[in-house]
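To start, the structure itself, in structure tokens.
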Amino acid sequence: MTRVMGILNATPDSFSDGGFWTDRDQALRHALGMVAAGADIIDVGGESTRPGASPVSVQQELDRVVPVVEAIAAETRATISVDTSKPEVMQAAVAAGAGMINDVRALRGEGALETAARLGVVVCLMHMQGRPGDMQHEPRYANVAAEVEAFLLDRAGACRAAGIPGERILIDPGFGFGKTLEHNLSLFRALPRLCSLAYPVLVGVSRKTMLGALTGRPVEDRVAASVAAAVLAAAHGVAVLRVHDVAATVDALKVARALGALPAC
Ligand code: 7PM
């Protein structure tokens, strides 16, 4: 059954929430609301990966993320994921109760792979071409689906070599990370194949620019587009959907399942 990961931004400059959730109690309320709406996982992020966003220091990221993870862990049994590339933040977040590491750099940073392996938690490996600051500057591929697949299998292999068992690895094509609209559409159409590999697939398309390009709508009006894409991703076999709008996504998945568009469990 497709699981839902609710996005919790612990950044003051996140494009969707405008910094409103930076306060620990607001963040906790947001997280508990998403769990009540059916989220299985809460993804806590303290570093904005927005193109051009300024890098965040280790201490800043720790200050943003750790209190929020602690507060959520004290109140729910939902899995807490930490969206980070920094070994220090991985370690502190897991000590505070996180059970998953979501790294948009696929554990390529100094010490990240070894730290994740030692911590013994689930990891999500995401594909990105370039770095957050320059990734949308003329991304190029000969065959985007084949290159993303090869990258993800290579990183999964590196994880296994470092001692992370295959059951703890998720792969993610990284929609919008160094990709044009055409690249994103090709990747989406290739989801059935990606889902046939040895690892469960996580997809994040919620409110993204590609949906703005398809609908002409600004970020605050992309819920319907996001839900449509989430349901189709689930039908393609995706294991985890990373979304802002948990209640709408969960409703749509219930209906799609009842109508036979998704596997029963
Ligand atoms: C600005 C640009 C703000 C992009 C936020 C974003 C993914 C992720 C993000 C994803 C995984 C967003 C992104 N996207 N982690 N983190 N997969 N695993 O739209 O697609 O949330 S940040």
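The values are calculated or read from the model by the stated rules, or taken from the named source; none is laboratory data. Predicted model, so just to flag it, every value in this text is computed and none were measured. Every residue, glycine among them, receives a Cβ derived from its backbone with ideal geometry; neighbour counts consider all protein chains shown. SASA here: full protein model, heavy atoms, side chains in, ligands and nucleic acids out. Shrake-Rupley method; radii C 1.70, N 1.55, O 1.52, S 1.80 Å.
Before moving on, here are some points about what is shown:
- Aspartates and glutamates whose Cα lies under 13 Å from that of Lys179, excluding same-chain neighbours fewer than 8 positions away: Asp134, Glu138, Glu147
- For the chain, the Cβ-based charge dipole about the Cα centre amounts to some 660 debye (Lys, Arg positive; Asp, Glu negative; other atoms uncharged).
- Once the 1.4 Å probe is applied to the protein heavy atoms, segment 179-263 comes out at 44 Å² accessible per residue.
- Proximal charge balance of Cys195 [Cβ under 13 Å; K/R count +1, D/E count -1]: 0
- Positive minus negative residues near Asp23 (Lys, Arg vs Asp, Glu; Cβ under 11 Å): +2
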